[in-house]
Amino acid sequence: MNKTVVILSLCQALLGTGNILLIAMAALIGQTLAPSDAFITFPLALQFVGLMTATIPASLIMSRLGRRKGFYLGNMLGIIGAICCSIALMMQSFVGFCAGSFLLGIGIGFGTLYRFAAVESCAVGDKSKAISYVMLGGVLAAFLGPALAVESKDWISAYPFTGSFLGVVGLNILAFILLTRADFPEPSDGNAQSMLQRPLKEILAQPIFILSVVAATIGYVAMNLIMSATPLAMDHHGFNFSDSAWVIQWHVLGMFLPSFITPKLIKRFGAVKLIQSGSVLILMCIAINFHGQSLWHFWSALVLLGLGWNFMFISATHMVTSAYRVHEKAKSQAANEFIIFSMVTLSALSSGWLEATIGWGNMNLLMIVVVVISILVVWVFSRKMTSAELHADA
C-alpha cells in the first residue's frame with residue numbers, strides 16, 4: 001500500500017479512538033446530565049445527527065476543494081466540538097454537551113470519507129485492500145480508545161470525563177498534522193458538470209447500489225443499537241466502567257481486526273456471500289444476548305457483532321464503488337453516506353428510549369427482524385445483478 005493509504009489508516013485510528021471514547025462515556029455522562037432516562041443517549045444520538053448532517057456537504061466540499069481541505073475542516077470542527085463538551089461538563093450543562101456532541105458528529109462525518117479517499121489513491125485492482133487497510137486503523141483504536149477513556153477520565157479530578165474530551169482535541173490535531181503528508185489527487189469533479197452523468201435516481205435504482213446500501217445500513221444500525229445500549233445494560237447488571245470499556249475494546253477489535261483477511265474473503269467467496277455471513281454472525285450475537293448477562297455473554301456477543309459488521313460494511317463499501325463512474329463519485333458517495341447515517345442516526349436516537357422502555361431483551365428481538373430483512377433484500381437484489389457485478393474483485 002502507498003503512503004497515503006497508510007496515513008489514512010492512521011487517521012482512521014485516531015478517528016476511531018475518539019469514537020470509542022465517546023461511545024464509552026456518552027451514556028454514562030447522559031445519566032448524570034440528562035433530565036430523564038429517555039434522554040440518556042441523546043448526546044450520542046446528536047453525534048450521529050451531526051454525522052448525517054455532514055455527509056452531503058462533506059462530499060460536495062471535497063469535490064470542489066479536494067480531500068485535504070475537506071478533512072482539515074472536519075478536524076477543526078472536531079476540535080471545536082470537543083472543547084465545547086469540556087466546557088459543558090464543567091458547567092454541568094446538558095444542552096452544551098449536546099451541542100458539542102453535534103459538532104463532534106459533523107467532524108466525524110468528514111472522516112467517514114477516509115475509505116473513499118483511499119480507493120482514489122490506489123490502483124484500481126487494490127480497492128478492496130485499500131478499504132480494508134484504512135479500516136485496520138480501528139485495530140489501533142481498539143487499544144488506544146479504552147486506555148485513553150480510562151486514563152483520561154480523571155485528568156481533571158474536579159470534573160470527571162472533562163479530560164477525555166481534551167484528549168479528543170489532541171487526536172484531531174494529530175490527524176491534521178498527518179494529513180499534511182498525504183498525496184491526494186487533485187479535485188476533478190469541477191469539470192464533472194461538462195461530462196455525461198447519469199441522473200442520481202438512475203444510479204440509486206441499480207440493484208448493486210440498493211443491495212450495498214441496505215446491507216451497510218442494516219449492518220450499521222444493528223451494530224449501533226446493540227453496541228450503544230450495552231454499556232447501559234452492563235451498568236444495570238452491576239458491571240463498572242472498566243468492564244464496559246474492556247468489552248467495547250474487544251468489540252472494536254472484532255470490527256476491524258478481520259480487515260486483514262476480509263479482502264481475501266471477498267475475492268474468494270464474493271461480497272454478497274460475505275454480507276450474508278455477516279448477517280448470520282449478528283444473529284449469533286443476539287442469541288448470546290438472550291442466553292445471559294454475564295461478562296462472558298457481553299464480551300462474546302459484542303465480538304461477534306463487530307465481526308458481522310466488518311463483513312457487511314466492508315463488502316458493501318467494496319460493492320458500492322462499482323455502482324458509479326469517477327465523475328459521479330461526489331453525488332453517489334454523498335447519497336450513500338446520507339442514507340446509511342440517516343438510519344444510523346435514527347437508531348442512535350432510539351437506543352436509549354428502547355432500552356428504557358421495552359428493555360434489553362425486546363430490543364434484541366427487534367434486531368432479529370431487522371437483520372432477517374437484510375438477508376432477504378440481499379438475496380432478492382443479488383439475483384438481479386449481472387455476473388460481472390457479482391464477481392467483481394477490483
### the stretch 142-186 - residue that is closer than 27 Å to G306 by Cβ and aromatic (F, W, Y) and, of those, modelled with the lowest pLDDT
F143
### Query
What about F110, is it crowded, with 24+ Cβ neighbours inside 10 Å, in contact (Cβ under 8 Å) with a residue 24 or more places away in the chain and part of a helix (DSSP H, G or I)?
yes
### Message
Tell me whether the stretch 42-64 contains one or more residues that are in a loop (DSSP other than H, G, I, E, B), more than 12 Å from I108 (Cβ to Cβ) and either among the acidic types (D, E) or in contact (Cβ under 8 Å) with a residue 40 or more places away in the chain (or both).
### Response
no
### Task
Return yes when S300 is within 15 Å of T230 (Cβ to Cβ), out of contact with any Gly (no Cβ under 9 Å at 6 or more places or on another chain), at pLDDT 90 or above and not hydrophobic (A, V, I, L, M, F, W, C) and no when it is not.
yes
### Message
S374 - would you say it is closer than 24 Å to I286 by Cβ and assigned to a helix (DSSP H, G or I)?
### Response
yes
### Message
Of everything in the stretch 21-52, what is under 18 Å from G78 (Cβ atoms), at pLDDT 85 or above and aliphatic (A, V, I, L, M)? Give them in sequence order.
### Response
I29, L46, V49, L51, M52
### Task
Could you please find all residues in the stretch 21-41 being outside any helix (DSSP H, G or I), of a type in the set (G, A, S) and closer than 17 Å to P231 by Cβ?
A34
### Query
Counting only residues that are small (G, A, S) and within 17 Å of the chain's Cα centre (by Cα), how many does the stretch 205-246 have?
7
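Conditions tested, residue by residue: (1) among the polar types (S, T, N, Q); (2) modelled with pLDDT under 90.
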residue	(1), (2)
F341	no, yes
T345	yes, yes
L354	no, yes
I368	no, no
V377	no, no
A388	no, yes
### Query
Taking into account only those residues within the stretch 62-75 that are hydrophobic (A, V, I, L, M, F, W, C) and surrounded by fewer than 24 Cβ atoms within 10 Å (Cβ to Cβ), which is modelled with the highest pLDDT?
L73
### Message
So in the stretch 317-339, with the set limited to residues that are among the β-branched types (V, I, T) and modelled with pLDDT under 90, which one is farthest from L305 (Cα to Cα)?
### Response
V326
### Selected residue (only one of I156, I210, I218 is assigned to a loop (DSSP other than H, G, I, E, B) and either crowded, with 16+ Cβ neighbours inside 10 Å or in contact with a Lys or Arg (Cβ under 7 Å, 6 or more places away or on another chain) (or both))
I156
#### Entry: For G105: the one exception among (1) more than 16 Å from A45 (Cα to Cα); (2) crowded, with 18+ Cβ neighbours inside 10 Å
(1)
### Message
Pairs needed: first member in the stretch 273-295, surrounded by 16 or more Cβ atoms within 10 Å (Cβ to Cβ); second member anywhere, modelled with pLDDT under 95 and part of a loop (DSSP other than H, G, I, E, B); C-beta distance under 7 Å; at least 6 residues apart or different chains.
### Response
Q293/H237
### Summary
The number of residues in the stretch 82-102 that are surrounded by fewer than 18 Cβ atoms within 10 Å (Cβ to Cβ) and either touching a strand residue (DSSP E or B) at 6+ places or on another chain (Cβ under 6 Å) or of a type in the set (S, T, Y) (or both) is 1
### Task
Scan L232, L265, L253 and give me the residue that is in contact (Cβ under 8 Å) with a residue 40 or more places away in the chain, surrounded by fewer than 23 Cβ atoms within 10 Å (Cβ to Cβ) and closer than 19 Å to F48 by Cα.
L232
### Sole residue being under 21 Å from E151 (Cβ atoms), at pLDDT 95 or above, of a type outside the set (A, V, I, L, M) and in a helix (DSSP H, G or I), chosen from G18, G78
G78
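The values are calculated or read from the model by the stated rules, or taken from the named source; none is laboratory data. Since the model is a prediction, treat every value here as computed from it, not as a measurement. Heads up, the Cβs are rebuilt from the backbone with ideal geometry, glycines too, and the neighbour counts pull from every protein chain shown.
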